[in-house]
1. How much of the accessible area of the chain, in percent, comes from carbon and sulfur atoms when a 1.4 Å probe is used?
2. Solvent-accessible area per residue for the stretch 79-156 at a 1.4 Å probe radius, Å²?
3. At a 10 angstrom cut-off on C-beta neighbours, averaged per residue, how do the peptides 194-201, 316-323, 298-305, 225-232 rank from highest to lowest?
4. From the backbone phi of the stretch 285-299, what are the Karplus-calculated ³J(HN,Hα) couplings (6.51 cos²θ - 1.76 cosθ + 1.60, θ = phi - 60°) in whole Hz, Gly and Pro given as x?
5. Could you tell me how many cubic angstrom of Cα convex hull volume the chain has per residue?
6. Under the rule of -39500 (n - 2.57) per DSSP H run of 4 or more residues, summed and divided by the residues of the chain, what mean residue ellipticity at 222 nm is obtained, to the nearest 500 deg cm²/dmol?
7. Considering only DSSP beta bridges with both partners in the chain, what is the antiparallel share in %, to the nearest 5?
8. Go through LYS41/LYS293; LYS203/LYS251; LYS192/LYS218; LYS60/LYS330 and tell me which ones have a Cα-Cα distance over 25 Å in this structure.
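The values are calculated or read from the model by the stated rules, or taken from the named source; none is laboratory data. Being a predicted model, the structure only gives us computed values, none of them experimental. Here Cβ is always computed from backbone atoms with ideal geometry, including for glycine, and neighbour counts include all displayed protein chains. Each accessible area value is taken on the protein alone, full model and side chains, heavy atoms only, with ligands, DNA and RNA left out. Shrake-Rupley method; radii C 1.70, N 1.55, O 1.52, S 1.80 Å.
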Amino acid sequence: MAIRSLLKLAESKFIFTSPHFSLASSFRTISSSIIPSHLEKVGFIGLGNMGSRMATNLIKAGYNVAVHDINLSVIKMFSDKGISVKGSPMEVAEMSDVVITMLPSPTHVLDVYTGQNGLLNGGSPIRPWLFIDSSTIDPQTTRNLSSLISNSALNQSKDSPVMLDAPVSGGVLAAENGTLTFMVGGPEEAYKAAQPLFSSMGKNTIYCGSSGTGSAAKICNNLAMAVSMLGVSEAFVLGQSLGIKASILTKIFNSSSARCWSSDTYNPVPGVMDGVPSSRNYDGGFASTLMAKDLNLASESAKEIGLNCPLTSEAKDIFTKLCDQGHGTKDFSCVFRNFYNGKDEL
């Protein structure tokens, strides 16, 4: 298989075999002049809040990056910096060794891969040997797409291309700082060969298993994050109603058993923590509409396997209602103010 020979090349350059060597921490200090030739040309599709920053970090690391997005203003931002922009996913594929996609939903992903002028080029032989989808989509769509890709033909090769599902966690700030966590599913050899790419965009890369397991890990992570944010917000509002300031409760939570990311890193109460969406009227961050979408993915996945998930259903209903009330573009932590009617910390 082509991936095996590529992995050997990567190992020879980066010494994967050393038990004390951390590629994730070391690649940032490696000169871009020795980026492996099989990774040099990278296509990136989907330049939203996350994707634009991920693509920028690849460019900073020395990769030859071409980008595509339907948002012309963000495309202009890249072209003004001298970055190659393409008019369609197919044009990106024609010049790329590897293509990374970061898109809002399963529908967008399928359109980019299989639509008119899509990455898979209507069944014709394709150039990229690896496709990495960092979108948050359902595991079944991921597996179906992975199968379609593996049944495609590579230009000038008898081998087949492969796909990794590699959604991320960490939010916009981590995307900007290159400290994302990648949850990766797919062939392990492809995962190892692609480590330099992940290391240019993130701090942690966790191999989850076969195709679809990265997507499964992501929707489970976001389910836990949503329920945590609801629990913390509800507790803060109850505390305010009982006469306890949110800043005091935050100190208690963060030094006791209630400590969690929604309290100590992404606090939803305006006036308690600087540098988070609640400190800027819930602008930026992770949109409530995306959280509602991810909770729907979790709910549908649970239904497919006959699993009862009552908290998933309740969280999905709350965030759907939040979006229906016009708060879909606000960060999901706005549930504190716009669903629970919590008060700002004065």
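1. Carbon and sulfur together cover 53 percent of it.
2. Heavy-atom accessible area per residue stands at 43 Å².
3. Top of the packing list down: 194-201, 225-232, 316-323, 298-305.
4. 3J(HN,Hα) across the stretch 285-299, in whole Hz: x, 10, 4, 4, 5, 6, 5, 4, 4, 5, 5, 5, 4, 5, 5.
5. 151 Å³
6. -13500 deg cm²/dmol
7. 15 percent
8. Distance filter (> 25 Å) returns LYS41/LYS293; LYS203/LYS251; LYS60/LYS330.
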